[in-house]
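All remarks here apply to the structure that follows.
The values are calculated or read from the model by the stated rules, or taken from the named source; none is laboratory data. Note that this is a predicted model, so its numbers are computed, not measured. Virtual Cβ from ideal backbone geometry, glycine too; neighbours counted across all protein chains shown. Surface accessibility is based on the protein's heavy atoms, side chains included, excluding ligands, DNA and RNA. Shrake-Rupley method; radii C 1.70, N 1.55, O 1.52, S 1.80 Å.
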Amino acid sequence: MTLTTLRLSRSGAQVAFHSVGRGAPLVLIHGVGLQSAAWGPQVETLSEHNHVVALDMPGHGGSDPLPKGSALEDFVVWAAEALEALALGPVNLAGHSMGALITGGVAVEYPDLVSRVALLNPVFRRSPEARAAVEARAAEISRGELDSAAPLARWFTRAASERAAREATAGWLRAVSPEGYATAYTAFATGDETYANRIGDIQAPLLALTGSGDGNSTPAMALAIAEAAQNGTTKIIEGHRHMAHLTAPNLVNHALANWLFQPFPREVAS
């Protein structure tokens, strides 16, 4: 995949992305600490029938960062501006983890920009204990205490089949800008309630997918999101954790392919 950049007209920020394939547009937003390359298995498979665009989140990969202290709402505005600059019309929008929070926010605030919404390993209304833990991690990252071993232990099992994905993810975590990582992680830590009360506004077909062993983006969260949405479905990937799109790519790609065929209400009306 070739990395391409564009300059946003309002903010002037540079956005880096990979663009592959032809067909209905599918835009992918990765999780905090990663980069667009983390969507490799999805880009390879889904670009056979779709125009797939994988964005580098602000402060990650080749994209300019947002200012320190930016909240989830600022990342949502950035994503909407990027979608407008891509000029693809309404897109199928999928996000993983922090990318799922951004995706949900775009669907709430800018519904005309999306045809379908997929939230992979999303967080939703954390418990007080989970909120305290993620806010403590955000504070550590903001102090420059970057520990890649801890997230890898949460995100992966020790199965030999996950080794390659684990090593690739470790490389992305080592490569991320510490400042961009800290800004995004703080927004991630404080953003699980931002649009929670408005998930019911989303009319687009919504897929909430997670791994059965994901202790932070739990199956209960995915089920609650799908139940709150007007047209929501849930897929739980058994035996996998937070990086199911890398550790179980065939299952995740199958779920995404089914989601891409779900009719949008205005398509049915026409």
Task: Point-to-point label distance, Ala132-Thr190, nm (Cα→Cβ direction, 7 Å offset) - done: 2.0 nm
TODO: Whenever you get a sec, compute what percent of the accessible area on the range 203-270 sits on carbon and sulfur atoms (1.4 Å probe).
DONE: 53 percent
Open item on the list: Need one number: nm distance between label points at Glu238 and Ala175, each 7 Å from Cα along Cα→Cβ, rounded to one decimal.
Closed with: 3.5 nm
Task: Protein accessible area in the range 1-46, 1.4 Å probe - carbon and sulfur % - done: 48 percent
Task: Rounded, prolate or oblate (a/c below 1.5 giving rounded, otherwise prolate when a/b exceeds b/c) for the range 91-174 by Cα gyration tensor - done: oblate
- [ ] Would you mind telling me the share, in percent, of accessible area of the range 54-202 contributed by carbon and sulfur at probe 1.4 angstrom?
- [x] 53 percent
Open item on the list: Using helices alone, I'd like the mean residue ellipticity at 222 nm for the chain: each DSSP H run of four-plus residues gives -39500 (n - 2.57), total over residue count, nearest 500.
Closed with: -12500 deg cm²/dmol
Open item on the list: Which of Thr194, Thr169, Thr183 ends up with the largest GNM mean-square fluctuation for the chain, with Cα atoms connected below 10 Å?
Closed with: Thr194
Open item on the list: Given a 1.4 angstrom probe, what's the average accessible area per residue across the chain, in square angstrom?
Closed with: 42 Å²
Open item on the list: Would the range 40-192 count as rounded, prolate or oblate if I go by the C-alpha gyration tensor, calling it rounded below 1.5 in a/c and otherwise prolate when a/b exceeds b/c, oblate otherwise?
Closed with: oblate
- [ ] Can you tell me the relative contact order of the range 118-270? Whole percent, Cα pairs under 8 Å, sequence separation 6 or more.
- [x] 31 percent
- [ ] Just subtract the alpha-carbon distance of Ala87 and Leu6 from 0.36 nm times their residue separation and send over the number in nm, one decimal.
- [x] 28.0 nm
- [ ] Would you grab the residues whose amide H sits under 5 Å from the one on Ser212? Only those 5+ places off in sequence or on another chain, please, with H modelled 1.01 Å from N.
- [x] Ile237, Glu238, Gly239, His240
Task: Anisotropy class of the chain from Cα gyration tensor, a/c 1.5 cut - done: rounded
- [ ] Return the FRET efficiency for the residue pair Asp112, Asn250: r is the Cβ-Cβ distance, R0 is 45 Å, and the value is rounded to the nearest 0.05.
- [x] 0.85
- [ ] Work out how much length Val20 to Ala139 would gain on full extension: take 0.36 nm times their residue separation and subtract the Cα-Cα distance, in nm to one decimal.
- [x] 39.1 nm
Task: Mean separation of Cα contacts under 8 Å (6+ apart) over length of the range 95-166, as relative contact order % - done: 24 percent
